[in-house]
Amino acid sequence: MTKVRVRFAPSPTGPLHIGGVRTALYNYLFAKKHNGNLILRIEDTDQSRYVDGAEEYIVNSLQWCGIKFDEGPINGGDFGPYKQSQRKDIYKKYAEFLVDNDKAYYAFDTKEELEEMRVRMKKAGVASPQYNSITRESMHNSISLSEDEVQKRIQENQKYVIRLKIPRNEEVKINDLVRGWVVVNTNNIDDKVIFKSDGMPTYHLANVVDDYLMKITHVIRGEEWLPSAPLHVLLYKYLGWESKQPKFAHLPLILKPDGNGKLSKRDGDRLGFPVFPLNWTNPETKEISLGYKEGGYFPEAFINMLAFLGWNPGTPQELFSLNELCKTFSLERVGRSGAKFDFDKTKWYNQQYLRSKTKTELAEILQVLLKENNINADINYVASVCEQLKERATFVKDMWDEGKYFFQQPRLYDEKTIRKKWKDNTHVILNELRLEISKIEKFTSEEIENVFKQFLERNKIKMGVLLPAFRLSLTGLGMGPSLFNIAELIGKKETLSRIDIAIKKIKK
Ligand code: GLU
């Protein structure tokens, strides 16, 4: 059996959208599932759309996601180079081969002439005029012009492109692994430019030639490329590579959470969520777009969420590690209809992965945040704090936002709790409680709780009356994890001192 070889072939025209990451992910999963190879190929033939830093961004994003390539511009391979701009010399001969075999032709038309044709056709009632089997006859190309004229123009260095000669009224059939049979009539395809006047191939030619030369067995890509697929099939046929044509799988679009249409950066800005894996700084405007990584997402959560945008395992299981996905993924279970992006679900995934991390793993991440806030804490202490806070957090950052009191005295006291729970005599009672607490020798959560409960009993005070005031003194908040655990963690000295401060500071 031929070895499965798939590729992810981004164009470095900007930051990689999450749809692109999903395409890369599905290719990776498919390759792993079939013990195949995944190739990264940079499609940078369109120099005018090249954006500085985009290629590096793509590589870094995929690395963050844990998507590894067997071949590519960085790790090399037997089928390189893996950047189309470094393969320039390869393509021309294939374009010439097509011309020699009457499957393509030279076209000399200027911009103005092309525009003229469009206007003329529109006047004649053609809604979307095309350069095709009908119009080509009236244009300047090697079909309409005499051979001498063509030679003359070439010798005079006139600019020309090479166009594919799409036949009239033929059916092109593609058995797409996701969509089933797709049949397109060639009357709906125009004579696409395959080779440009700047000496570079267009996407179509370069893509097909490279897939062939790199021995790609399956083309897995976004649905926006489905309209190009018939053209690619024709190219395989005309280049004599029909038997080597890869199988196609066009993945459903990722849709806006509200309404219809493809998820765009604008939707993210409008609804407040990232659509890029990493932060991206626009090299021209310097505008920064937030990424999932910097937004505090775990790559595992991000990947798990993405895997489910268009695929499902057919079982209720929702949490899959990358390894499990590699085993479970199949193109048969990729749906045809668009997948609505769900930001709440994305956060839910993050929460699930946060809960599954050990306190030490979480502490290491939280420690970075603490350092940024000039807090020096022992890693074991941070780990114990994480243990207390992880059930309530979606992001590691939440543990800092909601658990600052573990690292510093409260600066403010929650107004609502003061209003409801701080009575005229609260400071007197708290002072008495303080005395009892000061006598505790083994300052553990259990001991503190025992002393607290005995104190309540002796003084006939209800838990709901004193606990909130006690909590307010230690944390400044009305809610949080077990207060006795908090007291144990911050320690006896700090507990007593915080009660003192609260008594002084909190006024009704
Ligand atoms: N360069 C194309 C892109 O930017 C690749 C499409 C394909 O996979 O054929 O998405």
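None of the figures in this text is laboratory data; all of them are computed from the coordinates on show. Here the structure is a predicted model, which means the values were calculated and not measured. Here the Cβ is made from the backbone with ideal geometry for all residues, glycine too, and neighbour counts use every protein chain on show.
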Checklist entry - So how far apart, in nm, are the two label points at Ile74 and Ser197 if each is 7 Å from Cα heading toward Cβ? => result 3.9 nm
Checklist outcome for this item: For the chain, the longest principal axis of the Cα atoms and the Cα long axis of helix 54-65 enclose an angle in degrees, to the nearest 10, of 50 degrees
Next on the checklist: Given the options Val119, Val59, Leu489, identify the residue whose Cα lies farthest towards the positive end of the charge dipole of the chain (+1 on Cβ of Lys, Arg; -1 on Cβ of Asp, Glu).
Outcome noted: Leu489
Checklist outcome for this item: Computed for the range 172-252: size of charge dipole around the Cα centre, +1 on C-beta of each Lys and Arg, -1 on C-beta of each Asp and Glu, debye to nearest 20, value 260 debye
Checklist entry - Expressed as an acute angle from 0 to 90° and rounded to the nearest 10, what is the orientation of the C-alpha long axis of helix 229-238 relative to the principal long axis of the chain? => result 40 degrees
Item to check | Added length on full extension, which subtracts the Cα-Cα distance from 0.36 nm per residue, Lys505 to Arg355 | outcome: 50.4 nm
Checklist entry - Counting other Cβ atoms within 10 Å, which trypsin sites (Lys or Arg not before Pro) in the range 425-455 have at most 11 and lie in a DSSP loop? => result Lys439, Lys442
Checklist entry - Taking the Cβ-Cβ separation of Asn376 and Lys93 as r and a Förster radius of 60 Å, what is the calculated FRET efficiency to the nearest 0.05? => result 0.40
Checklist outcome for this item: log10 I(q)/I(0) for the chain, Debye formula on C-alpha points only (no solvent), q = 0.06, 0.08, 0.11, 0.12 Å⁻¹, two decimals, reads -0.45, -0.67, -0.99, -1.11
Next on the checklist: Restricting the calculation to Cα positions, tell me the Rg (one decimal) and the Dmax (whole number) of the range 1-124 in Å.
Outcome noted: 19.1, 56
Next on the checklist: For a Förster distance of 22 Å, can you work out the FRET efficiency between the beta-carbons of Ser264 and Asn188, rounded to the nearest 0.05?
Outcome noted: 0.25
Checklist outcome for this item: Rounded to the nearest 10, the angle in degrees between the Cα long axis of helix 426-438 and the longest principal axis of the Cα atoms of the chain comes to 90 degrees
Checklist entry - Among 273-279, 166-172, what's the highest-first ranking by average C-beta atoms within 10 angstrom per residue? => result 273-279, 166-172
Checklist outcome for this item: Once Ser497 and Lys442 are pulled to full extension, the length gained, defined as 0.36 nm per residue separation minus their Cα-Cα distance, is 18.0 nm
Checklist entry - For the pair Glu242 and Val368, what calculated FRET efficiency results from E = 1/(1 + (r/R0)^6), where r is the Cβ-Cβ distance and R0 = 51 Å, to the nearest 0.05? => result 0.40
Next on the checklist: Checking the table Lys404/Lys453; Lys262/Lys347; Lys357/Lys397; Lys196/Lys265; Lys93/Lys165 against a 19 Å threshold on Cα-Cα, which pairs fail?
Outcome noted: Lys404/Lys453; Lys262/Lys347; Lys196/Lys265
Item to check | Dipole magnitude of the range 345-447 about its Cα centre (Cβ charges: Lys, Arg +1; Asp, Glu -1), debye to nearest 20 | outcome: 480 debye
Checklist entry - Between Ser337 and Met463, what length comes free when the chain is fully extended (0.36 nm per residue of separation minus the Cα-Cα distance, one decimal in nm)? => result 39.8 nm
Next on the checklist: Taking the beta-carbon count within 10 Å as an exposure proxy, list Thr426, Thr13, Thr475 from fewest neighbours to most.
Outcome noted: Thr13, Thr426, Thr475
Next on the checklist: Using helices alone, I'd like the mean residue ellipticity at 222 nm for the chain: each DSSP H run of four-plus residues gives -39500 (n - 2.57), total over residue count, nearest 500.
Outcome noted: -13500 deg cm²/dmol
Item to check | Assigned charges on the beta-carbon of Lys, Arg, Asp, Glu; the range 185-305 dipole about Cα centre (debye) | outcome: 180 debye
Checklist entry - How far apart, in nm, are two points set 7 Å out from the Cα along the Cα-to-Cβ line at Val428 and at Cys326? => result 7.0 nm
